[in-house]
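Scroll down for the structure; my scribbles are underneath it.
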Amino acid sequence: MISCVLFALLPLQGEVPTTEKAELPQYHPGEALVCLDRKVVVPAERGLYLRHADGEMERIWVGEPYDALWRLDRTVFITERWSGNVRHLGKDFSVLKTWGGFSNPVDVEVTPEGLVVVVENGANRVTAIDPETGERVWSRTGFNNPFDVAITEDGGLLVADSGAGRVVHLDAEGKQVKVYSGLGFPNAVESFTGGGFLVVNWSGGEVRSYDKAGKMTWRTRPGGTLFSVERRLDGRTLVGDGGQRRVLVYDDRGKLEVVEKLPRGCVDFETIVRM
């Protein structure tokens with residue numbers, strides 16, 4: 001286990017990934033957090049990057065982030081899959097807290113009550129901890145190679161049970177509400193206002209949108225190796241495709257609007273919403 005430490009912003013070494021500014025379309029995702037993990041880049045390039053609205057990439061934290069979560073208080077949560085750590089970074093991107101001992105943490109979310117929820121891919125479970133004490137408050141098990149989780153409006157969970165080819169909806173007590181099967185390898189899921197959710201299929205290059213009743217409202221198959229999905233406040237859907245290094249922007253009906261180039265080696269892409 002690695003104890004909590006403060007990381008200074010180290011000088012950049014080696015080639016810094018960039019997004020070609022000349023190729024930015026009229027509409028583009030804007031600021032985003034980008035994770036470059038050991039799986040995809042050399043040691044000198046690993047870390048958490050801030051992708052500015054003009055496409056410039058700035059490394060803001062040195063480590064091995066596999067997933068990042070931007071909070072409206074301008075702090076950031078990250079998972080370090082290979083070291084088993086989850087970290088909370090402050091507004092200046094220094095480490096406020098580190099929680100260790102997780103089994104391949106691949107996703108982190110925060111409940112409205114403030115619990116930190118972690119997908120432990122290596123243990124096939126989803127765990128919630130108290131951020132003040134580090135105590136494990138609850139765990140949800142019975143999954144096969146899970147990769148993502150979303151907090152629902154009713155306080156429950158949507159778990160991308162990737163190895164089982166399904167998304168599992170659990171209520172706040174952990175009871176199974178509904179299962180969406182036949183999804184290939186769904187490795188990213190996100191709930192959105194109104195009770196619906198989005199899911200992408202890593203192995204099949206497919207995006208699906210469901211409403212509150214669980215009815216699929218649209219689907220599209222752009223291909224590639226899809227690893228992230230999010231619904232913006234303006235109704236657009238953003239999909240990250242690591243295989244073809246692109247961000248796909250869809251309107252609220254699932255029509256493709258814009259394709260933008262992704263930074264090289266990206267394993268997680270999350271746009272920043274500032275209030």
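The values are calculated or read from the model by the stated rules, or taken from the named source; none is laboratory data. In this text the structure is predicted, and so the values were computed from the model without any measurement. FYI the Cβ positions are ideal-geometry reconstructions off the backbone, even for glycines, and counts take in every protein chain you see. Note: areas computed on protein heavy atoms with side chains; ligands, DNA, RNA excluded. Shrake-Rupley method; radii C 1.70, N 1.55, O 1.52, S 1.80 Å.
Quick one: putting +1 on the C-beta of Lys and Arg, -1 on the C-beta of Asp and Glu, what dipole do you get for the chain around its Cα centre, in Debye to the nearest 20?
Dipole magnitude for the chain comes out near 540 debye.
Filter the GluC sites (Glu not before Pro) in region 171-248 down to the DSSP loop ones having no more than 14 other Cβ atoms within 10 Å, then list what survives. Spell out each step's value before the answer.
Numbers: sites: Glu173, Glu190, Glu206, Glu230; in loops: Glu173.
Hits after loop and neighbour filter: Glu173.
Quick one: net charge of Lys215's neighbours, Cβ under 12 Å, K/R +1, D/E -1?
Numbers: positive: Lys178, Arg208, Lys212, Arg219; negative: Asp211.
Net charge in that neighbourhood comes out at +3.
When the charge dipole of region 39-147 is built from unit charges on Cβ atoms (+1 for Lys and Arg, -1 for Asp and Glu) and taken about the Cα centre, the candidate among Thr133, Val118, Trp61 whose Cα reaches farthest toward its positive end is Val118. The convex hull of the Cα atoms of region 104-157, projected and averaged over all directions, covers 3.5 nm². Looking at (i) 20.2; (ii) 18.7; (iii) 20.7, which value of Kirkwood radius over Cα pairs in Å comes from a calculation on the structure shown? Read-out taken from this structure: (ii). Computed from the C-beta positions of Asp211 and Thr75 and an R0 of 41 Å, the FRET efficiency is 0.80 to the nearest 0.05.
The separation of region 249-275 from region 174-239, counted between C-alpha centres, amounts to 14 Å. Local charge for Thr127 was computed over the other residues whose Cβ lies under 10 Å away, with Lys and Arg +1 and Asp and Glu -1, and equals +2. The Rg/Rh ratio for region 130-231 is 0.98, where Rg is the radius of gyration of the alpha carbons and Rh is the Kirkwood radius. Extension gain for Lys91-Asp251 works out to 54.4 nm (0.36 nm per residue, less the C-alpha to C-alpha distance).
Restricting region 114-218 to trypsin sites (Lys or Arg not before Pro) that sit in a DSSP loop and have at most 10 other Cβ atoms within 10 Å of their own Cβ leaves Lys175, Lys215. For the chain, the fraction of 1.4 Å probe accessible surface lying on carbon and sulfur atoms is 49 percent. Residues whose amide H comes within less than 5 Å of that of Gly63, counting only those at least five positions distant or on another chain, are Gly47, Leu48 (H built at 1.01 Å from N in the peptide plane).
Rolling a 1.4 Å probe across the protein heavy atoms gives the chain an accessible surface of 44 Å² per residue.
Here the convex hull built on the C-alpha positions of region 75-121 has a volume of 64 cubic angstrom per residue. Placing dummy labels 7 Å off each Cα toward the beta-carbon, the span from Trp218 to Val40 is 2.5 nm.
Exceeding 22 Å between C-alpha atoms, which entries from my cross-link table qualify? They are Lys91/Lys261; Lys215/Lys261; Lys212/Lys255; Lys178/Lys212; Lys97/Lys175.
Details: Lys91/Lys261 27 Å; Lys215/Lys261 31 Å; Lys212/Lys255 20 Å; Lys178/Lys212 12 Å; Lys97/Lys175 31 Å.
Where the Cα-Cα span goes over 22 Å, the pairs concerned are Lys91/Lys261; Lys215/Lys261; Lys97/Lys175.
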